[in-house]
Amino acid sequence: MAIEDHDRHRWLTLVATGGMVAAAVLAVVGLPSVDTHGPLHRLGVMGPTCGATRAAVFTARGELGLAWTYNPLGIAAVMGAAFMVLRAGWGALTSRWPAWVWSPSSGARRLLWLGVAVAVVALEVRQQGRADLLMGT
């Protein structure tokens with residue numbers, strides 16, 4: 001962990017803030033009535049992100065059990081965004097920006113990417129097993 005005098009990840013902070021605002025608004029007003037699903041979804045093919053929006057809304061409402069049921073990625077996204085917003089607040093108040101500095105070896109990077117690929121495939125399989133739930137309204 002390092003402390004820096006500026007925010008090197010300003011774009012990520014802005015995206016996280018926008019995501020938090022969107023999750024909060026959707027938690028209050030509900031999901032839009034417009035169907036935004038792609039053609040594969042209509043055919044019953046669920047992607048690893050299917051249900052993530054609903055999971056983010058349930059997370060914003062504090063309903064973590066329902067959020068997990070729809071997609072654990074939604075919980076991770078909201079928690080990650082909350083961390084970035086808190087980090088931004090801390091940095092704005094103190095002019096000290098916490099930063100994670102990590103320089104993995106090429107072997108560690110390959111292992112990390114392999115882990116990400118396995119996690120995405122596992123999430124895809126999990127979500128496909130929940131197709132009936134995810135295709136419902």
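Close Cβ contacts (under 6 Å, 6 or more residues apart or on different chains) running from residues in the range 121-137 that are within 13 Å of residue 41 (Cα to Cα) to residues that are among the aliphatic types (A, V, I, L, M) and surrounded by 14 or more Cβ atoms within 10 Å (Cβ to Cβ) comprise 127/46; 128/46; 131/46; 134/46.
Only one of 34, 45, 28 is surrounded by fewer than 15 Cβ atoms within 10 Å (Cβ to Cβ), hydrophobic (A, V, I, L, M, F, W, C) and under 14 Å from residue 133 (Cα atoms). Can you tell me which? None of the other options fit; the residue is 45. The criterion of at least 3 residues that are surrounded by 12 or more Cβ atoms within 10 Å (Cβ to Cβ), of a type in the set (A, V, I, L, M) and more than 19 Å from the chain's Cα centre (by Cα) is met, among helices (runs of 4 or more DSSP H) falling completely within the range 69-137, by 131-135. Residue count for the range 63-98, restricted to those that are among the small types (Gly, Ala, Ser) and free of Cβ contacts under 8 Å to residues at least 40 places away in the same chain: 6. The C-beta contact set for the range 43-59 (first residue part of a loop (DSSP other than H, G, I, E, B) and at pLDDT 90 or above, second residue of a type in the set (Asp, Glu) and surrounded by fewer than 19 Cβ atoms within 10 Å (Cβ to Cβ), distance under 6 angstrom, 6+ apart or interchain) comprises 48/124. Residues that are assigned to a helix (DSSP H, G or I) and free of Cβ contacts under 8 Å to residues at least 12 places away in the same chain within the range 23-41 comprise 25, 28, 29, 39, 40, listed in sequence order.
Can you name every residue in the range 84-116 that is of a type outside the set (D, E, K, R) and touching a helix residue (DSSP H, G or I) at 6+ places or on another chain (Cβ under 8 Å)?
84, 85, 88, 97, 98, 104, listed by residue number.
Looking at the range 65-116, which of its residues are farther than 30 Å from residue 54 by Cα and among the hydroxyl-bearing types (Ser, Thr, Tyr)? The answer is 94, 95, 103, 105, 106.
The values are calculated or read from the model by the stated rules, or taken from the named source; none is laboratory data. None of the values given here were measured: they were computed from a predicted structure. Cβ: placed from backbone, ideal geometry, glycine included. Neighbour counts: every protein chain shown.
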